1. In Å and on Cα atoms, what radius of gyration and Dmax does segment 105-219 show?
2. Please compute the per residue accessible area over the chain with all protein chains in place, 1.4 Å probe, rounded to a whole number of Å².
3. Could you name the lysines whose alpha carbon sits less than 19 Å from that of K216, not counting residues in the same chain fewer than 8 places away?
4. Rolling a 1.4 angstrom probe over the protein chains, ignoring ligands and nucleic acids, what is the accessible area of K267 in square angstrom, nearest 10?
5. Pop a pseudo-label 7 angstrom from the Cα along the beta-carbon direction at both I394 and I34 and give the gap in nm to one decimal.
6. For q = 0.13, 0.23 Å⁻¹, what log10 I(q)/I(0) does segment 280-343 give under the Debye formula with an equal point scatterer on each alpha carbon and no solvent?
7. Extending each Cα 7 Å along its Cβ direction at I266 and I146, get the distance between those two points in nm, one decimal.
8. Would you calculate the convex hull of the Cα atoms in segment 339-387 and tell me its volume per residue in Å³?
Amino acid sequence: MTTITDPPTEQFRLSMLLNDTRYRSATFQAIAVILLVASIAYLGSNLAKNLREAGLNISFSFLSTPAGYDINQTLISYNNQDSNLRAAVVGILNTLLVSFLACITATILGVFAGVLRLSQNWIVRKLMSFYVEIFRNIPVLIWILIIYGVMTVSMPGPRAFRGDNATASMFMDSVAFTNRGVYIPAPVWGPGSLVVVAVFILSVIGVFAYRRYATKLLYDTGRLLPMLWPCLAIFFVPTLLAFFVMGAPIGLEYPALKGFNFQGGIKIGAPLIALWFALSVYTGAFIAENVRAGIQAVSKGQSEAAAALGLRPGRVMNLVVLPQALRVIIPPLISQYLNITKNSSLAILVGYADITATLGGITMNQTGRAIECVVLLMLFYLVISLCISLVMNIYNNATKLQER
């Protein structure tokens, strides 16, 4: 009778780290990590030695000292006696604000232009091609200056709204367009306003849930549900009911000309508008090309088959072409969002107080802490870029083709 036994276990030897394919890859990776750590440690110690010899020491205590300067537009309360840390937070919020607005606007503009670039209408197609070629081939710095210059020169000053013989008037008696910015009504939150806001957020979620349900039902059963009026009803009706049931808790504070400027309402400064629209139209041209490439990557047979089933062109684009094109559009779209965030550092050119202007500009010049300010500035842009990449990659994984 033959007995089957396990093969003898080979004794581990150091030479196996290089000769054995089971360990070779891990060995090379470990060596690379050790070399990287050693290089960073050497550079860090060299930096610390040079700073000591120059009489410099790394300290972030300047963040707690008074900033001593004003900021023209803030999302939180701030005055010149607040700390440098709070000034940096104001700059961070301003950066996030203009980046978010520009990402949304550039996406809408880019999708619109990208789809129209494939239009059958020759004039529309050429106009969109003209937009793409002009805006993406001129530096965004130039567009910021152009939009800011046009706005400050062509718009009337606040004094043009004064008197019986005023040369300018407010739009619908509630919005003032001036060379200093746009003044719009500000919401006044009363008791019960949080309920209205919560219902509004739930309504937005409900719209997306209904669209998702309608699309799934169409794919599973072929039954086509109406999309426009149910979405409008879900969006408006619950919020309006909550608004009136709670006794209209949200009011409006209108801007009014008092003294030499408008008071009340919300001021959207000219620097913010110039930076916002410049980043939007510039990046939108790149996104338009990404959208066009994604649509053209979808086989024409898909559109022809959908049209043969009786779907209208709009339905074909929304239900057949764009869902497949997203797999090509999203990866380069991530880079465009990152470019918007990094290009927002040009805000200092028009006096918009972003993080580069506050922490990397005024604070650094006043305190002389160049190394600390630059390190914090780099850390902020690194973190925000990684967060954008993380969110967009999660969405990219959700839309990619699922294989068996």
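The values are calculated or read from the model by the stated rules, or taken from the named source; none is laboratory data. Being a predicted model, the structure only gives us computed values, none of them experimental. Cβ coordinates were reconstructed from backbone atoms using ideal geometry, including for glycine residues, and neighbour counts include every protein chain displayed. These area figures cover heavy atoms from the full protein model, side chains too; ligands, DNA and RNA do not enter into them. Shrake-Rupley method; radii C 1.70, N 1.55, O 1.52, S 1.80 Å.
1. 21.8, 63
2. Details: 24950 Å² over 404 residues.
Accessible area per residue, the chain: 62 Å².
3. The qualifying lysines are K400.
4. Result for K267: roughly 90 Å² accessible.
5. Going by the 7 Å Cα→Cβ label model, 3.9 nm.
6. For segment 280-343 at q = 0.13, 0.23 Å⁻¹, log10 I(q)/I(0) is -0.41, -0.88.
7. Between I266 and I146, the label points sit 2.9 nm apart.
8. Numbers: hull volume 3.1 nm³, N = 49.
With only Cα atoms used, segment 339-387 gives 62 Å³ per residue.
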